[in-house]
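The values are calculated or read from the model by the stated rules, or taken from the named source; none is laboratory data. Just so it is clear, the model here is predicted, and its values are computed rather than measured. Glycine also receives a Cβ, built like all others from the backbone with ideal geometry; neighbour counts cover every protein chain displayed. Side chains are part of the model used for accessible areas, which takes the heavy atoms of the whole protein and leaves out ligands, DNA and RNA. Shrake-Rupley method; radii C 1.70, N 1.55, O 1.52, S 1.80 Å.
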Amino acid sequence: MLKALAPAFRLGLPSLIAGLLLLSACRSSPPEQPLQRFQFRHPAMGTLITITLYAPDEARARAAAQAAFQRIDALEDIMSDYQADSELMQLCDKPFGTPVPVSADLFAVLQRAQKMSELSDGAFDVTVGPYVRLWRFARKRKVLPTLAELVAARAAVGWQKLKLDPRARAFTLLVPHMRLDLGGIAKGYAADQALKLLKGRGIDRALVAASGDIAIGNPPPGKRGWRIGITPYDGGTNAAPPTLLLHNAGISTSGDTEQFIEINGIRYSHIISPLTGLGLTNRIQATIIGPDATTTDSLDTTVSVLGVRRGLALANSSPRTAALIVTREDGQSRTFASRRFRQLAVRR
């Protein structure tokens, strides 16, 4: 190296400096393009999926978003309980008591679901498919299921009746007539997977919103996080809704503001209690912030079923998780926040 540099000294110091500057300029990388904000929408999973991202140009942004939407569509083909030919529905038609191999995505979702069932003592349960079928008919007819129908469905419901084998990546339905329903976790998982795909393409400043379930990546350029507002529950308060500043997290909200039905003068939520087989009758909205949208999607449903006291206890015991619960009774709203949630709220 010293020998190679020796001739340069004979050119004099100004020439040396000029040569070094030229060499440095040749080796430096071109300046990065400033990131621009793009937003794309796509219908899937019974809702409108929105992807907001920052990328150097529209071509790269659109290609990444389209790939993410394709990933979501593929997951819908796996986990939908509306599509008769989805992987989930085809597997549920297999004889009970027989181990059935499943795809990696489906097994991952079922593992997460069973973990939530265990943590919540069954308040979250993907085996509620028989109840869901009854409740869909009830909502159409505006007539509650009969006691005999509920008893027959109950025999096929219970998270411990679903057995998972990680080594074989298989599940077994342990009793007849079981039906799985992933409506309480699938959209969150899909949002997480879409965000993961975007990151794999070098786009890490992104947000994927699947209705009330949002997966959040790195913050926008120059910001500390994505500003997320929580919609007031049923317009029952004049106070400004809480605003959060989040990054690398998930957030989900579940409530009966839009999806409910009144039967015999009683208001029933679309959220079904695994204990009764009926929609919840307590007015409650749960917003959960957690490490990912798969967690928050399953936990907002769980907290709604558990109620305020047990729901807050579960949120407080879960790592990196916060909860805001709003109840409404006799025309009055009450708000309950977990310990971590109070630290997240942003002053306007």
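Summary of computed values
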| quantity | calculated |
| --- | --- |
| Residue match in region 104-116 (condition: open to solvent by less than 20 Å² (accessible area, probe 1.4 Å), more than 13 Å from Asp181 (Cα to Cα), among the polar types (S, T, N, Q) and not in a loop (DSSP other than H, G, I, E, B)) | no |
| The listed residue being of a type outside the set (S, T, N, Q), within 27 Å of Tyr131 (Cα to Cα), touching a residue at least 40 places away in the same chain (Cβ under 8 Å) and open to solvent by 60 Å² or more (accessible area, probe 1.4 Å), out of Leu180, Leu174, Leu164 | Leu174 |
| Test for Ala156: is it buried (at least 16 other Cβ atoms within 10 Å of the Cβ), in a helix (DSSP H, G or I) and not acidic (Asp, Glu) | no |
| Region 249-261, residues that are in contact (Cβ under 8 Å) with a residue 12 or more places away in the chain, open to solvent by 10 Å² or more (accessible area, probe 1.4 Å) and over 14 Å from Asp213 (Cα atoms) | Thr257, Phe260, Ile261 |
| Among residues of region 159-186, those that are touching a Ser or Thr at 6+ places or on another chain (Cβ under 6 Å) and in a strand (DSSP E or B), counted | 2 |
| Region 304-334, subset β-branched (Val, Ile, Thr) and free of Cβ contacts under 8 Å to residues at least 40 places away in the same chain, residue most open to solvent (accessible area, probe 1.4 Å) | Val308 |
| Pick from region 50-79, criterion in contact (Cβ under 8 Å) with a residue 40 or more places away in the chain and closer than 26 Å to Thr127 by Cα, ranking: most open to solvent (accessible area, probe 1.4 Å) | Arg71 |
